[in-house]
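To keep things clear, I will list the structure first and then write my remarks on it.
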Amino acid sequence: MYATSYHRASSVEDAVKLKSANEEGKYLSGGMTLIATMKQRLAAPSDLIDLRHIPVLRGISIDGRKVTIGAATPHADVAASRELAAICPAICKLAGHIGDPHVRHMGTIGGSIANNDPAADYPAGLLGLGATIVTDRRSIRADDFFTGLFDTALEEGEMVTSVTFEAPEKAGYAKFNNPASRFAMTGVFVAKTAGGVRVAVTGAGSSGVFRHPGFEQALASNWSADALGSVAVDASNLMSDMHANAEYRANLVKVMAKRAVISAG
Amino acid sequence: MTKVTLTVNGRAMSGECEDRTLLVHFIREKLGLTGTHVGCDTTQCGACVVHMDGHSVKSCSILAVQASGSSITTIEGLAGQGELHPVQAAFKEHHGLQCGFCTPGMVMTAVDLINREGGTLTEETVRAGLEGNICRCTGYHNIVKAILAADAEMATGRQAAE
Amino acid sequence: MGVEGIGARVTRKEDKRFLTGKGRYTDDMTVPGMKYACFVRSPYAHAKIGDIDATAAKAMPGVIDVLDGKQLQADGIGNLICGWMIHSKDGSPMKMGAWHPLAVDTVRYVGDAIAIVVADSSGEARDAAEAVVIDYEQLPVVTEAVAALASGAPQIHPEAPGNLIFDWQIGEPDAVDEAIAAAAHVTEIEILNNRLSPNPMEPRATLGIYDTAEDHYTCYTTSQNPHVARLVMSAFYNVAPENKLRVIAPDVGGGFGSKIYIYPEEIICLWASKKTGVPVKWTSDRTEAFLTDAHGRDHASKVKMAFDANNHITALKVDTIANLGAYMSLFSSAVPTYLYATLLSGQYTIPAIHANVRTVYTNTVPVDAYRGAGRPEATYLLERTIETAARELGVSPAELRRTNFIRSFPYQTPVIMNYDAGDYEASLNAAMQAADWAGFAARRSQSEARGKKRGIGMSCYIEACGIAPSAAVGSLGAGVGLWESAEVRVNAVGTIEVLTGSHSHGQGHETTFAQLVAGRLGVPIESISIVHGDTDKVQMGMGTYGSRSGAVGMSAVVKALDKVEAKAKKIAAHLMEASEEDIVIENGELKVAGTDKSVPWFQVALASYTAHNLPSGMEPGLKETAFYDPSNFTFPAGCYIAEVEIDPDTGETDIVQFVAADDFGNIINPMIVEGQVHGGIAQGIGQALLENVQYDANGQLLTASYMDYAMPRADDLPSFTLSHQNTPCPSNPLGIKGCGEAGAIGSPPALINAITDAIGHNKLTMPATPMKVWQALHAAH
């Protein structure tokens, strides 16, 4: 790891101020990706602004069917939340299968989506739920937030503070792990929301997480795994690597979509 | 150099280190507790697992400065001097270790797993709970056996205490 | 306290320190003034190196020095060696290219070491390593063995035209060709054995300490054989004379072969310690381990197996190309020859065998022994071939194997080995029963009803452990003898230290060796300590690999114990005024048989050291040394059965059950033997389903971390069902056979035979990843 300077922010304002004072700095949440990347010398932020100790960023609040998850809430807390499981078990299940138990104790929802790894789970969950990402300065629809590989709509110095969504009528998530890294080689989140059916795919797209309109249309008219059977998955925009070529990923996208629908019930 | 203050195995400890120093290196090199190991660079093998404020974490992926102020338990602090925690005892009884390198992380993981899901563990949930720990010697067979045995033993202990 | 002797399930004496974080591994060692090393490594797979400019690096904070290959060469440090000479079939010796510990003019694989940086901290060392500026002139690259043999392929070493190291053969080519021509049926198959990275969880590390006053070196290192390391570093690398070099392999976190070899880093850290005047520690990270630890396997073979009309095998013809990487590692030449082709008879009567093996340089990490070393390659080839033959001949896989089993011993194969004992059918029967082979058809129907593909496969392996005798291996080209030493030191109070040249890095020697002594003398196991891994304590030894520690290392202890007991009996006879022939040792006492006269063990020990009342002419003390050179290998064998269920939607393989039935001869500690089998099977399953070292066309290692190299994890594996059908080994005093590698040898073909059974055709290579299985299913439709 290259040398870096650590700052512990006490509030959102403090964090934003520290970030603006250190242009080459980065926000640090759970660090499960950032520290790992820095260890490999693939990232070299001059400064790290630690968000884990800002109380308002942590926790899950539920108001009717409106869910708000603080950006620094670890995956383990989301996975274990009974209140959340009562209205949206799919997101708890998703969180409970990110990384491993130790990673889930540190890694946070805000860190995950701000990084937008193309194989991360939360981007699919939030895009599938039609969630809103709240930052220190505005609210961004998930549809607008995830803009490409490791790329988001966040501006310089902008910081995710929470995510909110309406609990869907039904939702399900199914993923197929990369046999080595255990990241999603393909993960599909399906949701029947007030705004319609949404299907989001992670781990497969060469531009990161994406929605699948064909699946959405099919499920809108017939919410069943069988409805997906005849919908084509275009392999041309999917990633190819030594573990899974685009053709295999296309197959996985459909199989995981079916399984997500089945798990949603 | 930054001063890092931790409660490690119940004792207040502090030391100076660079901000880039990983918690695992701080524990090993500054505190001299070499039971916590480093087996990979990508947050996967779990040889470095310690408990931070009661939860298992990978100390290779946390900066020492990030952990400052927290309470850390390492393998050395799991049981009293000369004693074995029930999980350690079960690993010995069921031959859940060979070369011993992954063992501290495995044991700390098992303790965390039993803390969270104790009394309900099955072979399947134990194997799932070990997703973040790699062992190259045992094929996991006896590790799984040891954790299930420790879980049963500790559940009996809890019942007796009630 | 009961005696915990041979055959008892004794829990391990060494466990407590590992379980409480008190193990002492090389990276745990610190000495005053110690500094940290980082190696500057080639980012290119093949390049000429020109100017090495370390000016900026040397000026960086904390940097003590930067040293390169020219300095190393100028100081007379020698090139790395391969310790086993193989001659090609034309009689010419193998073509060995120079391997400089630090490259001087050419780098030949990504990770080849070029310079060492010594600094106050590991971070500063790495910062400075990045600042060393090197002129590279890139050269064309070849990573695959078959491509490296093609005309026009990039030339890797001037000493080896066409990249061919040797073209070796064993067996009778004419007899084989005749048998194939006359055969009723010939099965032909091409077999690829995938390249693996051994991945012990403890990365390699070394601490070199030079003592100016004594002109003495100490090397802490992650080694499976510290004595051989000292010998080789002294005799071939000119680091120091043996009496000025102490090598210590403390607790070592697994090896699986990869820690047999003496690597450049150990030599360089010792040399750098002298150059810089500070102790120098280097610890590999995992990516460095993938880039520099010797890899295993990587064979491509063409096979023909001939049968007569009664389904008896009449001949086997094998043509193998083995990738040895960029340099010849220490035992690399022996692995695809004498550890491989000599096992090609398997458990079967095969009248004629011929194997031709070509070994090849490529721009990849050197390849050497990894758990099984040649024997997994032989077993995979043979067991996939016979399985394929059974399908072609329309007979059951078990029946075809039974038809061809060797049934009388000793049995001389056409490829050197003389099998001394075994009962292959017993293991086959036990495995089939444990797996409920007969009930498979019903289970398959149930799977089909759930939309799953089910398959079952077996593998009958044989292996050869404890390479021996020394004179024979010497005649085949080995540079060392393969005996083992032991010293039994009885202290004046009767406690015992056993010094062994074997090395334990997970195998539990501190327990099993102590069991042997406890059982013989009837003394508590707590009173026995096993000492190993330090050249200052143990005189000489050959280390631990090839499943040799029990059969060879413990046999040496038996010999030393024989001498100790003989002397103790003489003393006891003298003390009790009895005849030494009448003395028996039982329950910690020396007794006069048939009487109530006895003296306790400790009293005899004390008498030997007080020397007040010893038989006339007897030297004081009770300490004996022995060297044991076995008369033959040991031949563990067994039958493994895998049953799998495949999800046709994803290609994912679920191992529904895995059964192992092994013959390891007499067993010292069943618990430890079972643990060895579990671990071996897990590595075999890793090879079959998950693990694969892959390079891109430029020679960049694509699988350089656990993000891309799939290690078996707990939820990839089932629990295993084990049993033993033991025939004692006649070649060593304990009747034991090796058990460390069997699991890795026997399991891959069982898995692949099961998967090909499930998918209904044979076109599948390891590892059978979900994508490959899905593709194979897709292709079948």
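The values are calculated or read from the model by the stated rules, or taken from the named source; none is laboratory data. Just so you know, these numbers come straight off a predicted model, no measurement behind them. Cβ atoms come from the backbone with ideal geometry, glycine included; neighbour counts cover every protein chain shown.
Is it true that residue B:45 is in contact with a helix residue (DSSP H, G or I) (Cβ under 9 Å, 6 or more places away or on another chain) and either more than 8 Å from every other protein chain (Cβ to nearest Cβ) or more than 14 Å from residue A:102 (Cβ to Cβ) (or both)?
no
Listed here are the residues, each with its yes/no results for (1) assigned to a loop (DSSP other than H, G, I, E, B); (2) more than 13 Å from the chain's Cα centre (by Cα); (3) away from chain A (no Cβ under 14 Å).
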{"position": "B:90", "(1), (2), (3)": "no, yes, yes"}
{"position": "B:98", "(1), (2), (3)": "yes, yes, yes"}
{"position": "B:101", "(1), (2), (3)": "yes, no, yes"}
{"position": "B:105", "(1), (2), (3)": "no, no, no"}
{"position": "B:108", "(1), (2), (3)": "no, no, no"}
{"position": "B:112", "(1), (2), (3)": "no, no, no"}
{"position": "B:125", "(1), (2), (3)": "no, yes, no"}
{"position": "B:137", "(1), (2), (3)": "yes, yes, yes"}
{"position": "B:143", "(1), (2), (3)": "no, yes, yes"}
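So in region C:350-397, with the set limited to residues that are in a loop (DSSP other than H, G, I, E, B) and among the small types (Gly, Ala, Ser), which one is surrounded by the most Cβ atoms within 10 Å (Cβ to Cβ)?
C:372
Sort out for me the helices (runs of 4 or more DSSP H) sitting completely within region A:94-164 that have 2 or more residues that are within 14 Å of chain B (Cβ to nearest Cβ), farther than 22 Å from residue A:13 by Cβ and in contact with a helix residue (DSSP H, G or I) (Cβ under 7 Å, 6 or more places away or on another chain).
Those helices (runs of 4 or more DSSP H) span A:101-106.
Any residue at all in region B:91-105 that is in contact (Cβ under 8 Å) with a residue 12 or more places away in the chain, aliphatic (A, V, I, L, M) and not assigned by TED's automatic domain parsing to the domain that holds residue B:150?
No, region B:91-105 contains no residue that is in contact (Cβ under 8 Å) with a residue 12 or more places away in the chain, aliphatic (A, V, I, L, M) and not assigned by TED's automatic domain parsing to the domain that holds residue B:150.
Which of the residues spanning region C:1-52 are among the β-branched types (Val, Ile, Thr), surrounded by 21 or more Cβ atoms within 10 Å (Cβ to Cβ) and facing chain B (nearest Cβ under 9 Å)?
Passing the criteria: only C:20.
Considering each of C:750, C:744, C:768 in turn, give the residue that is touching a residue at least 12 places away in the same chain (Cβ under 8 Å), away from chain B (no Cβ under 11 Å) and assigned to a helix (DSSP H, G or I).
C:750
Could you tell me which of the residues C:385, C:379, C:359 is within 30 Å of residue C:703 (Cβ to Cβ), in contact with a helix residue (DSSP H, G or I) (Cβ under 7 Å, 6 or more places away or on another chain) and at pLDDT 95 or above?
The conditions single out C:379.
With respect to the numbered conditions (1) surrounded by fewer than 24 Cβ atoms within 10 Å (Cβ to Cβ); (2) touching a strand residue (DSSP E or B) at 6+ places or on another chain (Cβ under 8 Å); (3) facing chain B (nearest Cβ under 9 Å), which one is the sole condition not fulfilled by residue C:671?
(2)
A quick yes/no check of all residues on (1) more than 14 Å from chain B (Cβ to nearest Cβ); (2) farther than 29 Å from residue C:332 by Cβ; (3) more than 30 Å from the chain's Cα centre (by Cα):
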residue: C:122; (1), (2), (3): no, yes, yes
residue: C:125; (1), (2), (3): no, yes, yes
residue: C:163; (1), (2), (3): yes, no, no
residue: C:166; (1), (2), (3): yes, no, no
residue: C:177; (1), (2), (3): yes, yes, yes
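For region A:174-189, does any single residue satisfy the condition of being assigned to a loop (DSSP other than H, G, I, E, B) and touching a strand residue (DSSP E or B) at 6+ places or on another chain (Cβ under 6 Å)?
Yes, some residue in region A:174-189 is assigned to a loop (DSSP other than H, G, I, E, B) and touching a strand residue (DSSP E or B) at 6+ places or on another chain (Cβ under 6 Å).
Among the residues of region C:309-330 satisfying the criterion of being part of a loop (DSSP other than H, G, I, E, B) and under 20 Å from residue C:693 (Cα atoms), which is nearest to the chain's Cα centre (by Cα)?
Of everything passing the filter in region C:309-330, C:329 is nearest to the chain's Cα centre (by Cα).
Return yes when residue C:513 is crowded, with 16+ Cβ neighbours inside 10 Å and either farther than 30 Å from residue C:202 by Cα or without any contact (Cβ under 8 Å) to a residue 24 or more places away in the chain (or both) and no when it is not.
Here the answer is no, as residue C:513 does not meet what is asked.
When both residues are 6+ apart or on different chains and their Cβ atoms are under 9 Å apart, which pairs have a first residue that lies in region A:179-200 and is away from chain C (no Cβ under 14 Å), and a second that is hydroxyl-bearing (Ser, Thr, Tyr)?
From region A:179-200, the pairs are A:189/A:173; A:189/A:202; A:190/A:173; A:190/A:263.
Take residue C:728 and tell me if it is at pLDDT 95 or above, surrounded by fewer than 24 Cβ atoms within 10 Å (Cβ to Cβ) and either more than 13 Å from chain B (Cβ to nearest Cβ) or in a helix (DSSP H, G or I) (or both).
yes
Out of C:439, C:451, which single residue is of a type outside the set (Phe, Trp, Tyr), at pLDDT 95 or above and assigned to a loop (DSSP other than H, G, I, E, B)?
That would be C:451, the only listed residue that is of a type outside the set (Phe, Trp, Tyr), at pLDDT 95 or above and assigned to a loop (DSSP other than H, G, I, E, B).
Which condition number does residue B:76 fail, the rest of (1) of a type in the set (Asp, Glu); (2) in contact with a strand residue (DSSP E or B) (Cβ under 6 Å, 6 or more places away or on another chain); (3) touching a residue at least 60 places away in the same chain (Cβ under 8 Å) being met?
Going through (1) of a type in the set (Asp, Glu); (2) in contact with a strand residue (DSSP E or B) (Cβ under 6 Å, 6 or more places away or on another chain); (3) touching a residue at least 60 places away in the same chain (Cβ under 8 Å) one by one, residue B:76 breaks only (2).
Quick check on my filter: what residues within region A:3-49 are more than 12 Å from every other protein chain (Cβ to nearest Cβ) and in a strand (DSSP E or B)?
If the condition is that a residue be more than 12 Å from every other protein chain (Cβ to nearest Cβ) and in a strand (DSSP E or B), then A:26, A:27 are the ones that fit.
Restricting attention to region C:681-707, and to residues there that are at the interface with chain B (Cβ under 10 Å from one of its Cβ atoms) and touching a Ser or Thr at 6+ places or on another chain (Cβ under 7 Å), which single residue is nearest to residue C:107 (Cα to Cα)?
Ranking the qualifying residues of region C:681-707, first place goes to C:704.
Looking at region B:54-73, can you tell me whether even one residue there is at the interface with another protein chain (Cβ under 7 Å from one of its Cβ atoms), under 24 Å from residue C:17 (Cα atoms) and assigned to a loop (DSSP other than H, G, I, E, B)?
No, the conditions are met nowhere in region B:54-73.
Looking for whichever is away from chain B (no Cβ under 14 Å), under 25 Å from residue C:45 (Cα atoms) and not in a helix (DSSP H, G or I) here; the options are C:301, C:333. Which one fits?
Selected residue: C:333, the only one of C:301, C:333 that is away from chain B (no Cβ under 14 Å), under 25 Å from residue C:45 (Cα atoms) and not in a helix (DSSP H, G or I).
Select from region A:218-235 the residues that are of a type outside the set (A, V, I, L, M, F, W, C) and assigned to a helix (DSSP H, G or I) and write down the one among them that is surrounded by the most Cβ atoms within 10 Å (Cβ to Cβ).
Once the filter is applied, the top-ranked residue is A:226.
Out of C:586, C:581, I need the residue that is free of Cβ contacts under 8 Å to residues at least 12 places away in the same chain and at negative phi. Which one?
Being free of Cβ contacts under 8 Å to residues at least 12 places away in the same chain and at negative phi holds for just one of C:586, C:581, which is C:581.
Does region C:97-115 include one or more residues that are assigned by TED's automatic domain parsing to the domain that holds residue C:273 and farther than 20 Å from residue C:41 by Cβ?
The answer is no; no qualifying residue exists.
Is region C:94-105 home to any residue that is outside any loop (DSSP other than H, G, I, E, B), modelled with pLDDT of 95 or more, β-branched (Val, Ile, Thr) and in contact with a strand residue (DSSP E or B) (Cβ under 9 Å, 6 or more places away or on another chain)?
No, region C:94-105 contains no residue that is outside any loop (DSSP other than H, G, I, E, B), modelled with pLDDT of 95 or more, β-branched (Val, Ile, Thr) and in contact with a strand residue (DSSP E or B) (Cβ under 9 Å, 6 or more places away or on another chain).
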